[in-house]
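Worksheet: the structure to be examined is printed underneath.
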Amino acid sequence: MNLFRILADISHCASIVILLHTIRKTGSISGVSIKTQVLYALVFITRYLNLFTRWISIYNTVMKVFLIVSSIYTVRELQKYKYKNPVAYQEMIMGDAFKVQYLLVPCLVLAFVFNHGFGLISLNQSFSMWLESVAIMPQLFMLSKSGKAPALTTHYIFALGLYRALYIPNWIWRYCYESRFDKLAFVTGVIQTLVYSDFFYIYYKKVIKGLGFQLPH
């Protein structure tokens, strides 16, 4: 454990809390991609198949359980709007037009080529790492298509992107002080940070400087 890892995990948890709290408080799912949330649920379920077979620490186990449960819960909360507010749900589905097979198939292929091993758990973990690096793309595509984003999704995406960005110095720290370096985790983390790069710049320019938020088409 190091400061970068702790800050990254705090940012990750904060992104989930921001999303769920705002949905429940406002009763709005405007700008949220259910496809991205389903992909994240798949990421954590496949990554933590070793939840009950490998013990590392209480902290590690609590994080695994939280990420699995919260990702499934988020999808469930969004699906409630199918009956709770059919109009809002239909708008979300229609705006969520990214074809996830363009992500799932390449990530599956990459998992068989670049992985930690060919055992079931290792392959699933490798797949989850590749998938997590691009899971936000349906959300970013949805925002780009609409051109505007509610504060809910902008702050959620920023916190989520910050989490991955902080993991890069975490891996450098582990290499320098623990002589451990996970090439696959580092590469997928860099890819994910690059996916967020334009969003970070626009967020700084439009939100932090108080100019509102609008994505270029």
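Per residue, the range 1-87 exposes 54 Å² of accessible surface when a 1.4 Å probe is rolled over the protein heavy atoms with every protein chain present. For the chain, the longest principal axis of the Cα atoms and the long axis of helix 58-84 meet at an angle of about 20 degrees. Sorting the segments 6-13, 81-88 by their residues' average number of neighbouring beta-carbon atoms within 10 angstrom, most packed first, yields 6-13, 81-88. Rounded to a whole number, what % of the accessible area of the chain do carbon and sulfur atoms account for, probe 1.4 Å? The value for the chain is 68 percent carbon and sulfur by accessible area. Under the simplified labelling scheme, the residue 60-residue 201 pair shows an inter-label distance of 3.9 nm, with each label point 7 Å from Cα along Cα→Cβ.
Using the Cβ-Cβ distance between residue 28 and residue 99 with R0 set to 30 Å, the FRET efficiency from 1/(1 + (r/R0)^6) comes to roughly 0.70. Eigenvalues of the alpha-carbon gyration tensor of the range 1-103, scaled by 5 and square-rooted, set the equivalent ellipsoid semi-axes at 28, 16, 13 angstrom, largest first. The angle separating the long axis of helix 137-146 from the principal Cα axis of greatest extent in the chain is about 20 degrees. Calculated accessible area for the range 155-203 comes out at 51 Å² per residue, all protein chains present (probe 1.4 Å; ligands, DNA, RNA ignored). Seen against the Cα atoms of the chain and their longest principal axis, helix 120-134 is set at about 40 degrees. Label separation (residue 45 vs residue 85): 2.6 nm, computed from points 7 Å beyond Cα along the C-beta direction.
The values are calculated or read from the model by the stated rules, or taken from the named source; none is laboratory data. Everything numeric here is computed off the predicted structure, so don't read it as measured data. We place every Cβ from the backbone using ideal geometry, glycine too, and count neighbours over all the protein chains shown. Quick note on the areas: whole protein, heavy atoms, side chains included, nothing else; ligands and nucleic acids left out. Shrake-Rupley method; radii C 1.70, N 1.55, O 1.52, S 1.80 Å.
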